[in-house]
1. Which residues, counting only those in region 138-159, are touching a residue at least 40 places away in the same chain (Cβ under 8 Å) and assigned to a helix (DSSP H, G or I)?
2. Within region 73-127, count every residue that is of a type in the set (Lys, Arg) and within 22 Å of Ala206 (Cα to Cα).
3. What residue, among those in region 20-33 that are assigned to a loop (DSSP other than H, G, I, E, B) and touching a helix residue (DSSP H, G or I) at 6+ places or on another chain (Cβ under 9 Å), is nearest to Arg248 (Cα to Cα)?
4. Quick test for you: out of Ile53, Ile62, pick the one residue that is crowded, with 17+ Cβ neighbours inside 10 Å, touching a residue at least 24 places away in the same chain (Cβ under 8 Å), of a type in the set (Val, Ile, Thr) and in a helix (DSSP H, G or I).
5. Is there a residue being among the β-branched types (Val, Ile, Thr), in contact with a Ser or Thr (Cβ under 6 Å, 6 or more places away or on another chain) and more than 12 Å from Val22 (Cα to Cα) anywhere in region 224-245?
6. Output the number of the condition that Ala195 fails; it satisfies all remaining conditions of (1) surrounded by fewer than 16 Cβ atoms within 10 Å (Cβ to Cβ); (2) touching a helix residue (DSSP H, G or I) at 6+ places or on another chain (Cβ under 9 Å).
7. Take region 160-201 and flag every residue that is among the small types (Gly, Ala, Ser) and free of Cβ contacts under 8 Å to residues at least 12 places away in the same chain.
Amino acid sequence: MGYVGKSLRLKRLFYSGRNVGVIVPIDHGLTAGPLPGLRTMPEIMKWIGCEAISAIIVHKGILERLAAAGYPAATTGVILHLNGMPLLGSEADTKQLVTNIQTAMRMGADAVSVQVNFTEDNYEHNLRLLGEVTDAANAAGLPVLTMLYDKGAQTGDAEAVDRLHKLIRVVTEIGSDLVKIGYPKSSLALSEIVATHGANIRILVAGGEQTSDDEFCEFTKTVMNSGAQGLCAGRNVFQSPSPTSLLRRLEVICKAQV
């Protein structure tokens with residue numbers, strides 16, 4: 001009966017009655033330290049309660065502190081991030097598990113996420129990690145979001161897109177329910193990715209390099225026109241001059257494209 005729980009929890013990650021959403025990762029601190037926008041809990045609390053956020057991605061320590069302060073909003077889904085590695089480490093692209101499905105269930109998470117950065121020599125680690133996580137999450141009825149990054153050598157845009165197709169299929173085959181990908185250089189390439197994989201896995205697009213709020217809204221329109229199910233954007237949100245205002249604009253754009 002785990003599929004019933006997974007189906008119900010998946011809905012909590014998107015806007016009510018919709019299949020689209022704006023998911024905001026705030027897991028950056030483990031990797032990069034106290035970034036602007038995430039330096040202190042009061043700084044995060046200025047915007048984390050905005051109901052235009054369909055879900056957040058967060059490590060267990062920050063989730064505990066947010067919950068104690070009454071955040072996030074009741075309408076915001078919670079995705080517990082399970083792995084990580086500081087940039088201080090010598091193998092920063094090979095993310096290690098830092099918690100588990102049991103902790104996610106105890107903390108009331110609606111889903112879990114893992115980040116897999118595929119280099120030339122960590123495929124075995126990533127496949128084993130994904131297999132373990134998806135098996136345990138499926139047994140618990142928890143959806144799995146995979147943040148997918150290709151760090152392998154590429155000769156150009158065409159090869160990069162081809163590799164992305166193959167890696168999306170890898171995480172789909174292993175059992176991920178959602179995948180976060182970087183924007184593949186063109187709207188045509190993104191539309192082809194969604195057309196190929198969208199029936200099998202929910203596709204979210206990363207926010208990418210920080211830009212102005214207006215430019216990011218235009219980017220969001222392009223993403224939504226491709227058929228993707230929304231954004232998984234952190235820095236462009238929490239480092240915006242006005243995160244709450246931007247989030248409300250993004251919500252309108254996402255809902256308009258359904």
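Every read-out reported here was derived from the displayed coordinates using simple, explicitly stated rules and does not represent laboratory data. Keep in mind that this is a model prediction, so the values were computed, not measured. As a convention, Cβ positions derive from the backbone with ideal geometry for all residues, glycine included, and neighbour counts pool all protein chains shown.
1. Asn138, Ala139, Ala140
2. 1
3. Across region 20-33, the extreme among qualifying residues is Val20.
4. Matching residue, one of Ile53, Ile62: Ile62.
5. No: zero hits.
6. (2)
7. Ala199
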